[in-house]
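Derivation of every value follows stated rules applied to the coordinates shown; laboratory data play no part. Being a predicted model, the structure only gives us computed values, none of them experimental. Cβ placement follows ideal geometry from the backbone for every residue including glycine, while neighbour counts extend to all protein chains displayed.
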Amino acid sequence: MNEAVLLDMAVAYAEAVRARLRTPWRLTVLPTGSDPAAIAEALGRARAVVLTRFDGSLPLGPEIELLQVGGAGLDAVDLAAVPPRVAVCNAFGHEDGMAEYVIAAILAWRHRLLEMAASFKAGSWRFSGHIGDPPHGEAAGATLGIVGLGRIGTAIASRAAALGLEVLACNRSPRRHPAVREVLPWDRLDELLPRVDFLVLACALDDTTRGLIDAGRLALMRSDAVLINVARGPVCAEADLFEALRTKRIGGAVLDVWWRYPSAADPAPRPSAFPFHELDNVIMTPHASGWTDGLFRRRGGQIAHNLDALAEGAPLINLVRAAAR
């Protein structure tokens, strides 16, 4: 029987993959912290490995033909360290949950939902028309700018346009989408920034996007604009973003991605070197925007599809790099 080894965060997909397989596979599940000898032994006989991180230190056995990344991002995968004989694929399915998260963030911000709920629970009617307070906002009519018009960006655009937002985007390659009124090329990002009420980062992290949103670009945004980051933390210059929020240079931020993450040595770190949690104009979540029940169904199905395809000699989907022949 074919064997696939699931490692690190990819072990979470084991049941979803098992439920969707059509061909016989033995799934060996080895979570973070497993005995290195057990991992090496399993990889020595496996035909496929499913993981989210690869730096070349894992001993890929001679039978491995597929390195299946358990997510879309490749910033934690050293492709150069993967033997040429091994095909590399990634997996999607996160875009629906992430798009809903972004829309929820925009609605919550415009309607001041979190602030209103906390205030009313504390006994205040200050947001109510019954005592003459100023009205809160609506999402419809606001302008949304999306940086990165891939799967996540287009999913956000479709939902935002349906709510009546004007959607603009900036993308590396020319791309049209019926929900997006205008797509600017990458070198015109600075022209987009002053035009938007909400700026959503949905681009990949690489050498060209690391620190993309820095002090200079934050200075181009409106003073009431809100930045929503569901891409990667380092797409923003950490210190610059904190300072812009602390001084109210921009209106606020909704941050789901960070610069620090849990590890075995520190299972619950603060997500930044700066105290974002002390700011009253920031909504913080722990990289959870795409972590939905639907993600497991969709991503588990894609991983199972590729294992079946490998067993049957059929084409792989979401191919990042084909195996050398």
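Just a few scattered comments:
- Shape parameters for the chain, alpha-carbon atoms, Rg then Dmax in Å: 22.0, 74
- Radius, Kirkwood style, for segment 95-284 when every pair of distinct Cα atoms is counted (Å): 17.3 Å
- Note on segment 196-325: Rg/Rh from Cα positions, Kirkwood definition for Rh, rounded to two decimals, is 1.10.
- Take every DSSP beta bridge whose two residues both sit in the chain; close to 5 percent of them are antiparallel.
- Taking the helices alone, the chain has a mean residue ellipticity at 222 nm of -8000 deg cm²/dmol, built from -39,500 (n - 2.57) per DSSP H run of at least 4 residues and averaged over all its residues.
- Summing +1 for each Lys or Arg and -1 for each Asp or Glu among the other residues whose beta-carbon sits under 11 angstrom from that of ALA87 gives +2.
- The Cα atoms of segment 126-233 cover 52, 32, 22 Å along the three principal axes, with the biggest extent listed first.
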